[in-house]
Amino acid sequence: MAGIGVKLNNIFEKNTISTHLAGFAYSSMSTVTPMLAVILNILLMGHFLGFDQLGFVERELFSCTVLYIFIFALLTAAPFNSVLSKYMSDVIYEERYEDIRPCFFLGLFLNISLSSLLGIPFCLWEHFVGKVDVFYVFTGYCGYIALVLVFYSMLYLSISKDYQKTSLFFVIGMLWAFLFSLFLRFIMGWGIRESMLFALMTGFLLTAFLELAIIKRYFVKNSNRYKSVLRYFKKYWKLVVANFFYILGLYIHNFVFWNTDMKLVVVRTFVCNQPYDMATCLAMFTNISATIIFIARVEMHFHGKYKRYSEAVIGGKGSDIDSAKKEMFRQLSAELMNLVRIQFIITSVIYLIAVVTLPLLGFSNLTLRIYPCLAAGYFIVFLMYSEIIFLYYYDDLTGAALTSLTFCLVTFLGSIFATHLPELWFGIGLVMGAFAGWTVAYARLRRMEKRLDVHIFCQGSLLKPGMGTQPPGKVYEKAEKKEA
């Protein structure tokens, strides 16, 4: 993400209020614009097409379809993205750009295959058991696959430092979806639900095609070396574990509450928990600024210290290496503390505004009772994720995997326990899981600080490993003197 850091440094260097606001707006545009574009588009389509006129079952069917499309598109992309990102980073560092196309096509095949295999049985169940018409089921399935393509292609644009194009493509796709929904509803006479879902699906497809076009323009050559990509999955399997269980941990508490007495079953297929899911969405939005703050500060401050340490390791003196290492870890500690301070203030202000305004907007009392604990949980989650990113910096894949596993497992068990508590404490499982994951990641960072020299200079072996007969254990034999 060095591309963001360069521009942010140029913006912030004047150190005025206006430049700070401009820097915040730029970093926001580069990180959360895609999500905001989708949400705004759905709200606008619902307003202009008369979504409120639909019956309760039709409204919930559309809402659950979109919810499932997003959650499971993220989950099926999670096992691949981290390993492919690592592979592309290494390829770009070695300037083997012709290897990126094989990586893209092989990863795309694996991701689409997994997503399709998981989606088809659910769609069959939705049609034959839920009695949902074939056109609506197929449209939802195409929207799910299209979003998988979008999330997958975003990985390659982020490696190329093209965050602005990612945001622009989402805006174009959602603008098309909004206009097309109006055409389908008022010109073609389609139903409200079908118009919204079909237009949203085409918007995702347009976004994916735009991303694919820019990727093919950037990476022209193809080396056809596919085996090296597969070897990375075997070598860096811990990245698969770390990324998948982190994403799963973000939603596993929802899955637990989907199986309580509060659950809502739509057309005998979709299961959700409206108050809890809405509280989860509000809690994530309350703390989403942590992502922006983290990217901005790490790109502007920590990345330079990390680069100086790397350069010192390559060609510096011992004293230079020690000095750079101490400076780098001081900066790491400062960034974590600053993130806590700034995000705590932002979360407190947003929480206060939400508590005052949300009842006026029609949010239920149950949602507002669940919201505070979840807001605290996601506050810790984003702090934990920043530590995972630092673990990636130091190639501590074991630490990242342990952090994600701990987070997911404790969140799952804590959420089961929370189902027996009053509504105010429903989110305590997420709080417990996030804090446990944060503790593991912090302990690994402290361990890495103490053992960094061993980690950097004592990797590998002096002799090249290979297959063959083990040499004898005897390496020396003393010859005895013969008596005259």
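The values are calculated or read from the model by the stated rules, or taken from the named source; none is laboratory data. The structure displayed is predicted, hence computed values, not measured ones. Glycine also receives a Cβ, built like all others from the backbone with ideal geometry; neighbour counts cover every protein chain displayed. Heads up: the accessible areas ignore ligands, DNA and RNA and are worked out on the full protein's heavy atoms, side chains in. Shrake-Rupley method; radii C 1.70, N 1.55, O 1.52, S 1.80 Å.
The table below gives the values:
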read-out: Filter pass, G46 being among the small types (G, A, S) and either open to solvent by 60 Å² or more (accessible area, probe 1.4 Å) or modelled with pLDDT under 90 (or both); value: no
read-out: Check on A77, of a type in the set (G, A, S), assigned to a helix (DSSP H, G or I), closer than 23 Å to G249 by Cβ and modelled with pLDDT of 80 or more; value: yes
read-out: Meets criteria (in contact (Cβ under 8 Å) with a residue 60 or more places away in the chain and open to solvent by 40 Å² or more (accessible area, probe 1.4 Å)) for F219; value: no
read-out: Odd one out for V349, checked against (1) surrounded by fewer than 16 Cβ atoms within 10 Å (Cβ to Cβ); (2) assigned to a loop (DSSP other than H, G, I, E, B); (3) among the hydrophobic types (A, V, I, L, M, F, W, C); value: (2)
read-out: Among (1) more than 30 Å from I252 (Cα to Cα); (2) open to solvent by less than 100 Å² (accessible area, probe 1.4 Å); (3) at pLDDT 70 or above; (4) of a type outside the set (V, I, T) - the single one E477 does not satisfy; value: (2)
read-out: Test: residue in region 31-41 that is out of contact with any strand residue (DSSP E or B) (no Cβ under 9 Å at 6 or more places or on another chain), open to solvent by 30 Å² or more (accessible area, probe 1.4 Å), in a helix (DSSP H, G or I) and farther than 25 Å from F180 by Cα; value: yes
read-out: Only one of Y226, Y152 that is crowded, with 18+ Cβ neighbours inside 10 Å and either without any contact (Cβ under 8 Å) to a residue 24 or more places away in the chain or farther than 30 Å from G55 by Cα (or both); value: Y152
read-out: Region 97-110 residues that are open to solvent by 10 Å² or more (accessible area, probe 1.4 Å), paired with ones that are among the charged types (D, E, K, R) (beta carbon under 6 Å, 6 or more apart); value: E98/K221
read-out: Long-range neighbours under 8 Å by Cβ, at least six apart or interchain, first residue without any contact (Cβ under 8 Å) to a residue 24 or more places away in the chain within region 381-398, second not β-branched (V, I, T); value: Y392/A400
read-out: Enumeration of residues in region 246-270 that are free of Cβ contacts under 8 Å to residues at least 60 places away in the same chain and over 19 Å from the mean Cα position of the chain (by Cα); value: W258, N259, D261, M262, K263, V265
read-out: Region 370-404, subset modelled with pLDDT of 90 or more and polar (S, T, N, Q), residue most open to solvent (accessible area, probe 1.4 Å); value: T398
read-out: Selected residue (only one of L409, L424 is part of a helix (DSSP H, G or I) and over 16 Å from Y276 (Cβ atoms)); value: L409
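Yes/no matrix, rows are residues, columns are (1) within 19 Å of G107 (Cα to Cα); (2) at pLDDT 90 or above:
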residue	(1), (2)
I215	yes, no
K227	yes, no
R231	yes, no
K234	yes, no
A242	yes, yes
Y246	no, yes
G249	no, yes
D261	no, no
